[in-house]
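Asker: Encoded as structure tokens, here's the structure I'll be asking about.
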Amino acid sequence: MIDGLRNLDPALRRAWHPLCRATDATVTPRAFTLLGQNYVVFRSPEGKVRVFVDRCPHRFAPLSLGTCEGASIRCAYHGWAFDQDGVCIEIPALGPDATLPPRAKLEGPAGVYESHAMIFVAPDAPLTSAPTIASANDPSFQRGDLPVIETRASAGLLADNFLDMAHFPFIHAGTFGAGEAREVPNYTVTRTGYTFEAVYEHDFAHREDPGVAAGIRPLIQRRRLTYRYNAPFHLELAIEFLDAGGSNVFGFFIVPVDDENVRIYSSLWRNDLDGSKERMDEAIKFEMAVVDEDLSLQSRFEVLTLPLNIIEEVHTRADKITVELRRVLSDLVTAARESAGQAS
Ligand code: FES
Ligand SMILES: [Fe+2]
């Protein structure tokens with residue numbers, strides 16, 4: 001029986017996680033933590049991203065303090081150099097013609113993948129599919145990044161919160177939740193492997209629509225919300241304004257950093273702001289206020305565990321989507337444990 005998911009559950013090593021933004025990977029090595037492990041990230045002059053465990057095999061110095069030399073990285077401590085595959089190619093203390101120890105090799109994650117301006121890492125062979133955001137490749141969308149957030153929280157509980165539809169009029173009373181309907185409309189959840197999608201439509205007050213002020217459209221309009229989830233912590237909400245037109249896509253990518261902390265990367269993709277930077281900055285400010293409302297509660301959960309045993313909590317039909325989250329994560333944990341059992 002699986003009771004719950006904590007940030008450092010070993011099963012999470014078998015999935016893709018964002019490590020950093022694509023712009024964080026440059027010729028200057030940097031360290032980022034994922035699942036309690038520091039990784040060094042850098043980009044070769046040709047643009048290839050390299051990720052290794054941030055530990056030199058010699059005396060375990062952090063490689064992120066080293067320097068890039070073309071596609072190679074040189075450790076800051078004794079100058080050992082490692083090629084793009086992490087193989088040691090030079091040990092200065094041994095002179096030019098030395099035979100290098102075969103174990104002088106950097107440890108890499110099982111997978112590295114760049115998509116929608118993020119660098120993703122799978123520490124061990126991934127069971128989940130690599131995440132994508134369709135709007136990120138659509139030139140009609142402009143992207144805006146929220147500041148990176150680091151906070152005490154459970155990645156599982158935050159994913160639950162992102163998908164939850166019943167908290168808007170309460171937690172978000174200070175932003176968009178004021179006046180939102182309390183009743184959650186009926187909706188369907190469609191699962192595919194370790195992903196799912198939920199769609200529903202409802203009426204809402206479209207205060208941002210200039211057509212309302214101009215008297216072209218009524219304030220109360222129809223919108224469609226599509227939640228897309230990709231295990232373990234990759235979340236997307238696409239809002240389509242069915243009367244005024246345009247879409248607003250919100251991506252929320254949670255990194256389990258250690259047992260009690262997460263890092264959150266979130267981005268907006270919008271095709272309804274006429275390319276305006278000022279309007280995007282406004283939208284980012286508003287989303288930050290919304291996320292702050294969520295985090296003020298999420299950071300204060302006493303137990304940072306997402307229950308996966310369905311009978312532990314009380315669920316209603318309004319919680320269909322977050323029940324599905326528990327099922328998917330439970331299946332992932334089971335699959336990872338079974339494959340670990342077969343391997344041992
Ligand atoms: S610790 Fe890296 S070269 Fe010695
Ligand atoms: Fe929320």
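Asker: In whole Å and largest first, what semi-axes does the C-alpha gyration tensor of region 44-83 yield when each eigenvalue is scaled by 5 and square-rooted?
Answerer: Numbers: eigenvalues 63, 21, 10 Å².
Working through the eigenvalues yields semi-axes of 18, 10, 7 Å.
Asker: Same structure again: Taking each pair of distinct Cα atoms in region 186-344 once, what is the resulting Kirkwood hydrodynamic radius in Å?
Answerer: By the Kirkwood definition, the hydrodynamic radius is 18.3 Å.
Asker: If packing is taken as the mean number of other Cβ atoms within 10 Å per residue, what is the order of 297-305, 57-65, highest first? Walk me through the numbers before you get to the answer.
Answerer: Working: 297-305: 14.3, 57-65: 16.7.
Taking the mean over residues of other Cβ atoms within 10 Å, the ranking is 57-65, 297-305.
Asker: Right, another one. When the C-alpha atoms of region 254-301 are aligned to their principal axes, what extent does each axis show, in angstrom, from largest down?
Answerer: Between the extreme Cα coordinates on each principal axis of region 254-301 lie 42, 19, 13 Å.
Asker: In region 269-344, what is the volume of the convex hull around the alpha carbon atoms, normalised per residue and reported in Å³? Can you show the working numbers first?
Answerer: Working: hull volume 14.3 nm³, N = 76.
It is 188 Å³ per residue.
Asker: A further question follows. What's the magnitude of the charge dipole for the chain around its Cα centre, counting Lys and Arg as +1 and Asp and Glu as -1 at the beta-carbon? Answer in Debye, nearest 20.
Answerer: Values: 34 positive and 47 negative charges, 112 e Å.
Using only the charged Cβ atoms, the result is roughly 540 debye.
Asker: Once the other residues with Cβ under 12 Å from the Cβ of Ser140 are scored (Lys, Arg +1; Asp, Glu -1), what is the net sum?
Answerer: -1
Asker: Count the net charge of all other residues whose Cβ sits under 14 Å from the Cβ of Gly174, scoring Lys and Arg as +1 and Asp and Glu as -1. The partial results should precede the final answer.
Answerer: Details: positive: Lys285; negative: Glu180, Glu287, Asp292, Glu293, Asp294.
It works out to a net charge of -4.
Asker: So, one more: Given the chain reduced to its alpha-carbon atoms as identical point scatterers, what log10 I(q)/I(0) does the Debye formula return at q = 0.08 Å⁻¹?
Answerer: -0.45
Asker: Hey, another quick one. Taking only DSSP H segments of four or more residues, each worth -39500 (n - 2.57), what value at 222 nm results for the chain once the sum is divided by all its residues, to the nearest 500 deg cm²/dmol?
Answerer: -6000 deg cm²/dmol
Asker: While we're looking at this one, here's another question. Which lysines, on any chain, are close to Lys105 with Cα under 29 Å apart, when same-chain ones fewer than 8 places away are left out?
Answerer: Lys105 reaches Lys48.
Asker: For region 17-122, take the convex hull of the Cα atoms, compute a quarter of its surface area, and give me that in nm², please.
Answerer: 6.4
Asker: Compute the signed sum of charges (Lys and Arg +1, Asp and Glu -1) over the other residues within less than 15 Å, Cβ to Cβ, of Pro131.
Answerer: For residues surrounding Pro131, the net value is 0.
Asker: Considering only DSSP states other than H, G, I, E and B, which GluC sites (Glu not before Pro) in region 45-106 qualify as loop sites with at most 13 other Cβ atoms within 10 Å?
Answerer: On the way: sites: Glu46, Glu69, Glu90; in loops: Glu46.
Loop-located and lightly packed - Glu46.
Asker: Additional query: In whole Å, what are the extents of region 152-269 along the principal axes defined by its C-alpha atoms, from largest to smallest?
Answerer: So the three principal-axis extents are 52, 32, 27 Å.
We did not get these values from a lab; they are worked out from the coordinates using the rules stated. Just so it is clear, the structure is predicted and the values come from calculations on it, not from any experiment. For neighbour counting, all protein chains shown are included, and Cβ atoms are generated from backbone atoms with ideal geometry for every residue, glycine included.
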